[in-house]
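The values are calculated or read from the model by the stated rules, or taken from the named source; none is laboratory data. Note that the structure is predicted; figures quoted are calculated from it, not measured. Using ideal geometry, Cβ is built from the backbone for each residue, glycine included, and neighbour counts are taken over all protein chains shown.
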Amino acid sequence: MNGAFHYRDGVLHCENADLLEVAEKAGTPCYVYSSAALMGAWREFEEGLGGLPHLVCFAVKANGNLALLRLLARAGAGFDIVSGGELFRVLRAGADPAKVVFSGVGKTRAEIEAALEAGIHSFNCESEPELHLLSDLAVRTGRRARAAIRVNPDVDAATHPYISTGLQRHKFGIAMEEAEALYERAATLPGIALEGASCHIGSQLLDIAPLLEAAERMAALVRRLRAKGIPIRFLDLGGGLGVPYRKEDPKPDVRGYLAAVRRLAAELEVELLLEPGRYIAGPAGALLARVLYRKRSGGKEFLIVDASMTELIRPALYEAHHEMLPLRQSARGRITADIVGPVCESSDFLAEEREIENLLPGDYLAVMTAGAYGFVMASNYNARPRPCEVLVEGSAWRVVRRRETYEDLIRGEEP
Ligand SMILES: *Cc1c(COP(=O)(O)O)cnc(C)c1O
């Protein structure tokens, strides 16, 4: 359990909001976010980097809800986007375009044009043809785009293979050995100011050692580039700090990480950019679900709930673990069960062989640490409307995205 979610009189609360009341009024499945947890995690970064020229860019792909983005934007956050759609979202949320960085291996012409038009901070470019396209488009509109090359520091993030990105064989970035030559070629492109270096080695890192190793390698690259006359002014070290999904998981040493990278940045006299996503949004959210049925089959106990892989795909996709808490504590003892959804896939489980409260049909539970890579990966598979999202601020709560309707499911279709 984390700070924002706690029991009061046997009922799970988010800040001061009674989650049984939220589940009953807003319906389930339903995502609930704590504004205090979100902003508290954000402030850890801000405070750790205070006094240093820096930009903490929340990775929008972790959670793109406008209400959350607006809270962050008002606090002065930057944003890391990976698509034109995310650019649209952050602008709608009131973000300062000068604090937006654009990452991603496959930016389209239209996406680059929209970001140039908005006047974003910089582009993290991942290939030589992308640098050429960016330069051409900038020249055509009389602009000079600030750019960084995303370099692959070849550090093993020691995380799940699907969310590890910093090894030679991954599609992301440019290999470290090839980076300098590419910087030299691209530095002469007329439409770009090649002033940055960036990396992002993977996600859900609980140990900061690989992040620090990558930061050291990037700092060495900055020194080599400067020696060649390429004036690097900003260093973007990406995101990747993990969150404890299990009670026994350690919390990453964020303070230690920030202290080390701020020292590096101060020595290099660069503006430091970070792109945390999961660390900021993950612990701030929970997915509420209701038990539909209990059954025993093949010697196993199943809790069939109204949330599924279409709301939270992480268990199905990454075999991810999420703690499950009853919304109302009972004295009925505990059971071991598979907690599964209604979707027609064997991978549609939220937990397997999990020891949990003895929940009965009609009871509610919360799937914890679901604020990042939760709703954003929700789908309409099995024609399931996507769930609603609720934001809690103190004892107040409001629906910040209504539940989709059946009409939403067919919008745009031409029978
Ligand atoms: C996904 C991603 C992030 C955020 O990663 P987290 O693990 O959520 O912090 C940051 N930067 C880039 C380029 C990404 O692709």
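The residue that is nearest to the ligand (Cβ to nearest atom), among those in segment 359-406 that are of a type in the set (Val, Ile, Thr) and assigned to a loop (DSSP other than H, G, I, E, B), is Thr369.
Summed over segment 199-218, the residues that are surrounded by fewer than 20 Cβ atoms within 10 Å (Cβ to Cβ) and among the aliphatic types (A, V, I, L, M) give a count of 3.
Residues considered: Leu350, Leu272. Of these, the only one that is over 29 Å from Arg401 (Cβ atoms), touching a helix residue (DSSP H, G or I) at 6+ places or on another chain (Cβ under 8 Å) and either aromatic (Phe, Trp, Tyr) or surrounded by 13 or more Cβ atoms within 10 Å (Cβ to Cβ) (or both) is Leu272.
All of Ala98, Ala110 fail the test of being touching a His at 6+ places or on another chain (Cβ under 6 Å), surrounded by fewer than 21 Cβ atoms within 10 Å (Cβ to Cβ) and not hydroxyl-bearing (Ser, Thr, Tyr), apart from Ala98.
In segment 387-415, the residues that are farther than 22 Å from Gly374 by Cβ reach residues that are of a type outside the set (Gly, Ala, Ser) and surrounded by 11 or more Cβ atoms within 10 Å (Cβ to Cβ) with C-beta atoms within less than 6 angstrom, at least six apart or across chains, in these pairs: Gly394/Glu15; Gly394/Asn16; Ser395/Asn16.
The residues in segment 199-246 that are of a type outside the set (A, V, I, L, M), within 13 Å of the ligand (Cβ to nearest atom) and within 11 Å of Leu264 (Cβ to Cβ) can be counted, and the count is 0. Comparison of Arg386, Arg328, Arg332 shows that the only residue that is assigned by TED's automatic domain parsing to the domain that holds His13 and closer than 26 Å to Lys61 by Cβ is Arg386. For segment 179-193, the criterion of a residue being away from the ligand (no atom under 16 Å from the Cβ) and without any contact (Cβ under 8 Å) to a residue 24 or more places away in the chain is satisfied by at least one position.
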